[in-house]
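See below for the structure under consideration.
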Amino acid sequence: LPGKQYKGKRDVKDNAKATVAALKRSVPSAVPGIMFLSGGQSEEEATLNLNAINSLGDLPWSASFSYGRALQQSTLKAWKGDDANVKAAQEALIVRAKANSEAQLGKYDGSAASEESKKALYEKNYTY
């Protein structure tokens, strides 16, 4: 993916083609799976990128996700640490989990997109 400071157009199909080409050149087909991190992408962007990769088909390994923030952000915002919001948080998690499940199959149609899910999760100088 282009870095955060990149000013050009970001294209999920181009990202997917470049990612798969690089992986096919360097990762043995005996590897059972490639798990992607969200790396500061918005929830929606991470889902769309995973979907585009799987939409290419003919991958020698499973391409899936190991998202933290891009799977949990909407859930945490809905919950806000308040037990009264547990149901809303569970519903938010189901929406993101379903979207990423579909993306793993290359069948995500964008139906989980919201303005909130499109907000970048990038934090400058973030350390783990």
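The values are calculated or read from the model by the stated rules, or taken from the named source; none is laboratory data. Nothing here was measured: the structure is a model prediction, and the numbers come from that model. Cβ placement follows ideal geometry from the backbone for every residue including glycine, while neighbour counts extend to all protein chains displayed. Calculation scope for accessible area: heavy atoms of the full protein, side chains included, ligands and nucleic acids excluded. Shrake-Rupley method; radii C 1.70, N 1.55, O 1.52, S 1.80 Å.
Listing for the model above:
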{"read-out": "Among the residues listed as Ala89, Ala84, the single one being exposed (fewer than 13 other Cβ atoms within 10 Å of the Cβ) and among the hydrophobic types (A, V, I, L, M, F, W, C)", "value": "Ala84"}
{"read-out": "Selection within the stretch 33-76 - within 17 Å of Val12 (Cβ to Cβ), in a helix (DSSP H, G or I) and not polar (S, T, N, Q)", "value": "Glu43, Glu44, Glu45, Ala46, Leu48, Leu50, Ala52, Ile53, Ala70"}
{"read-out": "Subset of the stretch 1-20 [part of a helix (DSSP H, G or I), open to solvent by 40 Å² or more (accessible area, probe 1.4 Å) and hydrophobic (A, V, I, L, M, F, W, C)]", "value": "Val12, Ala18"}
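Residues are listed down the side, and each one gets a yes or a no for (1) over 20 Å from Leu37 (Cβ atoms); (2) charged (D, E, K, R); (3) not in a loop (DSSP other than H, G, I, E, B):
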{"site": "Ala78", "(1), (2), (3)": "yes, no, yes"}
{"site": "Asn85", "(1), (2), (3)": "yes, no, yes"}
{"site": "Ala97", "(1), (2), (3)": "no, no, yes"}
{"site": "Tyr108", "(1), (2), (3)": "no, no, no"}
{"site": "Ala120", "(1), (2), (3)": "no, no, no"}
{"site": "Tyr126", "(1), (2), (3)": "no, no, no"}
